[in-house]
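The values are calculated or read from the model by the stated rules, or taken from the named source; none is laboratory data. Here the structure is a predicted model, which is why all the values come from computation and not from measurement. We place every Cβ from the backbone using ideal geometry, glycine too, and count neighbours over all the protein chains shown. Calculation scope for accessible area: heavy atoms of the full protein, side chains included, ligands and nucleic acids excluded. Shrake-Rupley method; radii C 1.70, N 1.55, O 1.52, S 1.80 Å.
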Amino acid sequence: DGRLTFYPGNQTVDLPFINFMKRHGTLFLNAYTNSPICCPSRAAMWSGLFTHLTESWNNFKGLDPDYITWMDLLAKHGYHTQKYGKLDYTSGHHSVSNRVEAWTRDVDFLLRQEGRPMVNLTGDKKHIRVMEADWRNTDKAVNWIKEEAINLTQPFVLYLGLNLPHPYPSPYAGENFGSSTFLTSPYWLEKVTYEAIKIPKWSSLSEMHPVDYYSSYTKNCTGEFTKQEVRNIRAFYYAMCAETDAMLGQVISALRDTGLLKNTVVMFTADHGELAMEHRQFYKMSMYEGSSHVPLLVMGPGVKEQQQIRNVVSLVDIYPTMLDIARIPVPQNLSGYSLIPLLRGKAENKVSPSEVPPRPSWVLSEFHGCNVNSSTYMLRTGRWKYIAYSDGHSVLPQLFDLSDDPDELTNVALKFPVIVHSLDKMLRSVVNYPKVSSSVQEYNKQQFISWKQSLGQNYSSVIANLRWHQDWLREPKKYEDAIDKWL
């Protein structure tokens, strides 16, 4: 969650290496994902294109495997390139459940798709390496810096993708269930200041926006939660962020120890945040700040130190920025804009007219996957966050004034119709969203039909035992009928 990198979010947990990057570089106060879920978000970051252009609709459908990423271009221009860890920007990595849940979001039923969020404390106060796979990838990156990068005669680019901080599978809920367990050890939990943890306010279930209600239900969050449960989930999440920060620290230390830090640009960001029980939800898939606001810190040669930038930016800006750093011509068709003028300390109003086209005053995020029963589009500009759904008519939009209401508790769309109208017009100038929503609906239906046909006689037993099995098996006929009606 990007808000953890600056005040007041950073009061909850000590993140020493994030703070190191803040002191020695630039922090973006308003950086956003272009789609708040792993694969589509990473597809935007690696391609520099908005989600409706890559057509990365869900966690199964990402970039085409042969798409030319910014790293491919750097390799073509003489950079030595190395990737470790989670990449997750092409197709096919996620389970059948993930896919079917995304495809059937327009079906008129409510089924829980996730395990109830919970915490799990493991090990003792000496247990540092909780997320072993991430630590192994961090070790590989560190060894590569110390053994390979130091001897290179050409410039290099190294990518390290962590899974952390991310809830883990919950075996208690059955093998099909999603990842709903926040896992850490006493070592990391001690880094969290419990007194500073804010318990989020929730609307009553009857007052929730219909799309929010659907998300809360499918995420198994509509039941009762004590304040202690909510506080624990948030604390464990912050502890997982502290472990992530330590991995960042290993990379920074390796660069410092080899003398490479002074001439290496370091960038830290995330594909999305974590709601951690804000708005009666955990996970991502939402345009609320906890899910859509990402960290973005940059330090290195030419980057202004101790700078905090208010301009709205997003992950599609990374592609042109990487090319700019490497002095490679930036293609014209990209959705993003280079961050270099901002990183060098040029406030937006001082950017020279020669820098064409100027950075827009808005960012776009969109979501088309599971746990949400409508395509969702977010335009963030100035004090406003405008969220439109589906065709723009069948589901009412939301408007939040982030300067007055940073916790996004009051939808003021009905109060400010003129602003809604102008922001909707702006959004439609960026993306014909009713048309995109319609093509996603068509894609979902076709994908589901071909999957259903591929199963033949087995269809009923397979669909009954996906992640929603606990709800489905009570009234299977009702849910099959709902699917038939949709088809």
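Numbers for the structure displayed
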{"quantity": "Subset of segment 117-141 (residues that are in a helix (DSSP H, G or I) and crowded, with 17+ Cβ neighbours inside 10 Å)", "calculated": "Asp134, Trp135, Asn137, Thr138, Ala141"}
{"quantity": "Unique residue being in a loop (DSSP other than H, G, I, E, B), modelled with pLDDT of 95 or more and surrounded by fewer than 16 Cβ atoms within 10 Å (Cβ to Cβ) when the list is Pro301, Pro353, Pro357", "calculated": "Pro301"}
{"quantity": "Subset of segment 134-158 [in contact with a strand residue (DSSP E or B) (Cβ under 8 Å, 6 or more places away or on another chain) and either free of Cβ contacts under 8 Å to residues at least 40 places away in the same chain or polar (S, T, N, Q) (or both)]", "calculated": "Asn137, Thr138, Gln154"}
{"quantity": "Odd one out for Asp324 among (1) open to solvent by 20 Å² or more (accessible area, probe 1.4 Å); (2) within 19 Å of Asn10 (Cα to Cα); (3) not in a strand (DSSP E or B)", "calculated": "(2)"}
{"quantity": "Filter result for the condition that a residue is under 25 Å from Ala43 (Cα atoms), part of a loop (DSSP other than H, G, I, E, B) and charged (D, E, K, R), over Asp404, Asp391", "calculated": "Asp391"}
{"quantity": "Number of the exception - Val330 against (1) among the aliphatic types (A, V, I, L, M); (2) outside any helix (DSSP H, G or I); (3) at pLDDT 95 or above", "calculated": "(3)"}
{"quantity": "Only one of Leu396, Leu414 that is free of Cβ contacts under 8 Å to residues at least 40 places away in the same chain, more than 20 Å from Gly273 (Cβ to Cβ), open to solvent by 40 Å² or more (accessible area, probe 1.4 Å) and part of a loop (DSSP other than H, G, I, E, B)", "calculated": "Leu414"}
{"quantity": "Test: residue in segment 436-459 that is over 30 Å from Glu207 (Cβ atoms), open to solvent by less than 50 Å² (accessible area, probe 1.4 Å), in a helix (DSSP H, G or I) and touching a strand residue (DSSP E or B) at 6+ places or on another chain (Cβ under 7 Å)", "calculated": "no"}
{"quantity": "Residue, least open to solvent (accessible area, probe 1.4 Å), within segment 304-321, restricted to residues that are of a type in the set (S, T, N, Q) and in contact (Cβ under 8 Å) with a residue 60 or more places away in the chain", "calculated": "Ser314"}
{"quantity": "Residues of segment 414-456 that turn out to be in contact with a helix residue (DSSP H, G or I) (Cβ under 7 Å, 6 or more places away or on another chain) and more than 22 Å from Arg105 (Cα to Cα), as a count", "calculated": "1"}
{"quantity": "Residues within segment 65-80 that are in contact with a Phe, Trp or Tyr (Cβ under 7 Å, 6 or more places away or on another chain) and closer than 20 Å to Pro331 by Cα, tallied", "calculated": "4"}
{"quantity": "Any hit, segment 236-249, residues being within 18 Å of Trp188 (Cβ to Cβ), touching a His at 6+ places or on another chain (Cβ under 8 Å) and crowded, with 22+ Cβ neighbours inside 10 Å", "calculated": "yes"}
{"quantity": "Count - residues of segment 256-284 that are in contact with a strand residue (DSSP E or B) (Cβ under 7 Å, 6 or more places away or on another chain) and open to solvent by 10 Å² or more (accessible area, probe 1.4 Å)", "calculated": "7"}
{"quantity": "Pairs, first more than 14 Å from Phe268 (Cα to Cα) in segment 3-18, second among the small types (Gly, Ala, Ser) and open to solvent by 30 Å² or more (accessible area, probe 1.4 Å), C-beta under 8 Å, six or more apart", "calculated": "Gln11/Ala196; Thr12/Ala196"}
{"quantity": "Candidate set: segment 1-36, residues that are of a type in the set (Ser, Thr, Tyr) and assigned to a strand (DSSP E or B); chosen: the one surrounded by the fewest Cβ atoms within 10 Å (Cβ to Cβ)", "calculated": "Thr26"}
{"quantity": "Single residue of Gly115, Gly161 found to be touching a strand residue (DSSP E or B) at 6+ places or on another chain (Cβ under 9 Å), farther than 30 Å from Asn263 by Cβ, in contact (Cβ under 8 Å) with a residue 60 or more places away in the chain and of a type in the set (Gly, Ala, Ser)", "calculated": "Gly115"}
{"quantity": "Residue satisfying all of: in segment 463-475; open to solvent by 50 Å² or more (accessible area, probe 1.4 Å) and either in a helix (DSSP H, G or I) or of a type in the set (Asp, Glu) (or both); nearest to Arg116 (Cα to Cα) among these", "calculated": "Gln470"}
{"quantity": "Test: Phe177 is over 28 Å from Ala388 (Cα atoms) and modelled with pLDDT of 95 or more", "calculated": "no"}
{"quantity": "Qualifying helices (runs of 4 or more DSSP H) (wholly inside segment 37-109; at least 3 residues being open to solvent by 30 Å² or more (accessible area, probe 1.4 Å) and either of a type in the set (D, E, K, R) or modelled with pLDDT of 95 or more (or both))", "calculated": "70-76"}
{"quantity": "Qualifying residue in segment 418-431 (condition: over 14 Å from Phe50 (Cα atoms), touching a His at 6+ places or on another chain (Cβ under 9 Å) and surrounded by 16 or more Cβ atoms within 10 Å (Cβ to Cβ))", "calculated": "no"}
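Each row is one residue, and each column tells you yes or no for (1) in contact with a strand residue (DSSP E or B) (Cβ under 7 Å, 6 or more places away or on another chain); (2) in contact (Cβ under 8 Å) with a residue 24 or more places away in the chain; (3) on the phi > 0 side of the Ramachandran plot; (4) among the basic types (Lys, Arg).
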site: Gly85; (1), (2), (3), (4): yes, yes, yes, no
site: Asp106; (1), (2), (3), (4): no, yes, no, no
site: Leu111; (1), (2), (3), (4): no, yes, no, no
site: Val119; (1), (2), (3), (4): yes, yes, no, no
site: Gly123; (1), (2), (3), (4): no, yes, yes, no
